[in-house]
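Chemist: Below: one structure in structure tokens.
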Amino acid sequence: MKYIVSAILAFFMGAIPFAYVVGKVTKGIDIREYGSKNPGAGNVFHTISVKAGIVALLGDMGKGFFAVMIIYFLYHFPAWILACFAIVSVFGHIYSPFLQFKGGRGVATTLGSFLFVLFIEMHFWMFLLLFYLAIPWGLTLIVTHSQVVSLAVMFPFFPLFLWLMTRDLKFTLVTIVLVVILEIFGYKSLKREWPRAYKKYVKRFFEK
């Protein structure tokens, strides 16, 4: 029963459409009809404003963080099980029933939920892991000027660095599943973004 309760809690907290709400409250618009048409914080940043984007980002991160935190304080699951419910929360964002089961890509919700799980597993060593992940992300961002491409490059390093630092096989396997999910749901955005980034930035970068 506790697994069912946890899954329902994670899914519906993850499904709260903060980007949609921010769009309605600040501009009276449906964010799904503007910009990239993605109901996520990134589209709010580009379509409305930086302040609105920050609110949407904190909302998307916070719902994942607090969903997993509440589950942990209720049942004290180990990190790898909490990570499973973090993925459920991400699915709530991707398939939000409040948006006809069409949500965003889930990156911010992933970050929020896994920040809590990583702290449970690694305590303050999690900041070293985040530093390691920032290296491939930052280098790719410098070359491509694209958040979409840099995140796609960074994701596979997550389970690799996690395994090297914790040797927790179950947790690492769950993060591999997470990475596959994120890469699959981010493929359309990557396919759209890569040609522009290559033509405008990558090609010129290597020609210097």
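Chemist: So, in the range 145-159, of the ones that are in a helix (DSSP H, G or I) and within 19 Å of P195 (Cβ to Cβ), which residue ends up nearest to the chain's Cα centre (by Cα)?
Modeler: L151
Chemist: Same structure, new question: Condition test on Y34, is it free of Cβ contacts under 8 Å to residues at least 24 places away in the same chain, in contact with a Ser or Thr (Cβ under 8 Å, 6 or more places away or on another chain) and surrounded by fewer than 23 Cβ atoms within 10 Å (Cβ to Cβ)?
Modeler: Answer is yes for this residue.
Chemist: Please identify the pairs in which a residue from the range 67-87 that is without any contact (Cβ under 8 Å) to a residue 24 or more places away in the chain has its Cβ atom under 9 Å from the Cβ atom of a residue that is among the polar types (S, T, N, Q), counting only partners at least 6 apart or on another chain.
Modeler: Hits for this filter: I81/S6.
Chemist: Which count do you get for residues in the range 45-60 that are part of a helix (DSSP H, G or I) and in contact with a Gly (Cβ under 9 Å, 6 or more places away or on another chain)?
Modeler: Initially, the range 45-60 is screened for residues part of a helix (DSSP H, G or I), giving 45-47, 50-60.
Next, only the ones that are in contact with a Gly (Cβ under 9 Å, 6 or more places away or on another chain) stay: 45-47, 52-53, 56-58, 60.
Adding up the residues that qualify gives 9.
Chemist: Let me ask something additional. Mind listing just one residue for me: the one in the range 160-184 that is within 16 Å of the chain's Cα centre (by Cα) and buried (at least 20 other Cβ atoms within 10 Å of the Cβ) and, of those, nearest to L130 (Cα to Cα)?
Modeler: T175
The rows are residues; the columns are (1) of a type in the set (G, A, S); (2) modelled with pLDDT of 95 or more.
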position	(1), (2)
I54	no, no
M61	no, yes
M69	no, yes
F77	no, yes
L82	no, yes
A86	yes, yes
S150	yes, no
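Chemist: Does A56 meet the test of being farther than 18 Å from V22 by Cβ and crowded, with 24+ Cβ neighbours inside 10 Å?
Modeler: no
Let's see how each residue does on (1) closer than 24 Å to I81 by Cβ; (2) hydrophobic (A, V, I, L, M, F, W, C); (3) assigned to a helix (DSSP H, G or I); (4) at pLDDT 95 or above:
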| site | (1), (2), (3), (4) |
| --- | --- |
| L130 | yes, yes, yes, yes |
| P136 | no, no, yes, yes |
| V143 | no, yes, yes, no |
| F161 | yes, yes, yes, yes |
| M165 | yes, yes, yes, yes |
| I176 | yes, yes, yes, yes |
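Chemist: Test each condition in (1) under 30 Å from Y20 (Cβ atoms); (2) modelled with pLDDT of 95 or more for I94 and report the one that comes out false.
Modeler: It fails just one condition, (2).
The values are calculated or read from the model by the stated rules, or taken from the named source; none is laboratory data. The structure presented is a predicted model; accordingly, all values stated were derived computationally and were not measured. With ideal geometry, Cβ positions are generated from the backbone for all residues, glycine too; neighbour counts draw on all protein chains shown.
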